[in-house]
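Peer 1: Okay, here's the structure, questions in a sec.
Every read-out reported here was derived from the displayed coordinates using simple, explicitly stated rules and does not represent laboratory data. Owing to the predicted nature of the structure, the values given are computational and were not obtained by experimental measurement. Every residue, glycine as well, gets a Cβ built from its backbone with ideal geometry; the counts of neighbours run over all protein chains shown.
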Amino acid sequence: MIARSTLLLGALGAVLASPAVAATGPFVSLRNTDFVVLLGFLLFVGILLYFRVPSRIGKMLDTRAEGIRADLAEARRLRDEAQEIYASYERRQRDVAGQADEIVANAKREATAHAAKAKTDLEDSIQRRLKAAEDQIASAESDAVRAVRDRAVQVAIAAASEVLAAQSGASDRSAGIDRAIDNLSHQLN
């Protein structure tokens, strides 16, 4: 019902505000254009006030302003959170860089220590091998000397046996051989 009366008032205002109705003459006359425009304007303002359009617009503007305030507060919160995350990232990056430097330094120290230990182990191994080689040479040398002595003894016994056999008889030979063997055994020991 209110909508019909509003439409009726609007249509009446439109007819009254038409140039055919408005004409020149006294101001408070429907024939005066200025008066008709004033009445149309006042009617329009009255309708706006009747339907509480300004308060609705105010509420809409207040709601919009509140939404903008909330958006700004959220944006500030997000900015602060982003700054905290960025600062945390920078701290972690510095920590990781420090840890990487520490790891590289530890690796260098360990590599140097391992190199020194490997060098020492190699020197020890070379010394052990040289000692083993020297021991083998000494053993081979003593074996060779012993073999030469044994062979010399055998040759000397054989030569002495031949000389004695040629010089003396059987009984002298036995006694001479026994003496030669005793002499040799005393000399070898």
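Peer 1: Any idea how far apart SER125 and THR112 come out in nm if each label point goes 7 Å out from Cα toward Cβ?
Peer 2: Between SER125 and THR112, the label points sit 2.4 nm apart.
Peer 1: Return the long-range amide H neighbours of ASN32 (sequence gap of 5 or more, or a different chain), with a cut-off of under 5 Å between placed amide H atoms.
Peer 2: Amide H neighbours of ASN32: ALA23.
Peer 1: Calculate one ³J(HN,Hα) per residue across region 139-149 by plugging θ = phi - 60° into the Karplus curve 6.51 cos²θ - 1.76 cosθ + 1.60, and present them in order as whole Hz with x for glycine and proline.
Peer 2: Per-residue couplings from phi come out as 5, 5, 5, 5, 5, 5, 4, 4, 5, 5, 4 Hz.
Peer 1: Next question, about the same structure. Can you give me the C-alpha center-to-center distance between region 54-88 and region 92-159, rounded to a whole angstrom?
Peer 2: Cα centroid of region 54-88 versus Cα centroid of region 92-159: 79 Å apart.
Peer 1: Given R₀ = 25 Å, FRET efficiency for ARG52-ARG31 by Cβ-Cβ distance, to 0.05?
Peer 2: Approximately 0.15, to the nearest 0.05.
Peer 1: Starting from the Cα-Cα distance between ALA156 and ARG179, subtract it from 0.36 nm times their residue separation and give me the gain in nm to one decimal.
Peer 2: Answer, rounded to one decimal: 6.9 nm.
Peer 1: Moving to a separate point now. Excluding residues fewer than 8 places away in the same chain, name every one of the lysines whose C-alpha is closer than 27 Å to that of LYS108.
Peer 2: LYS117, LYS119
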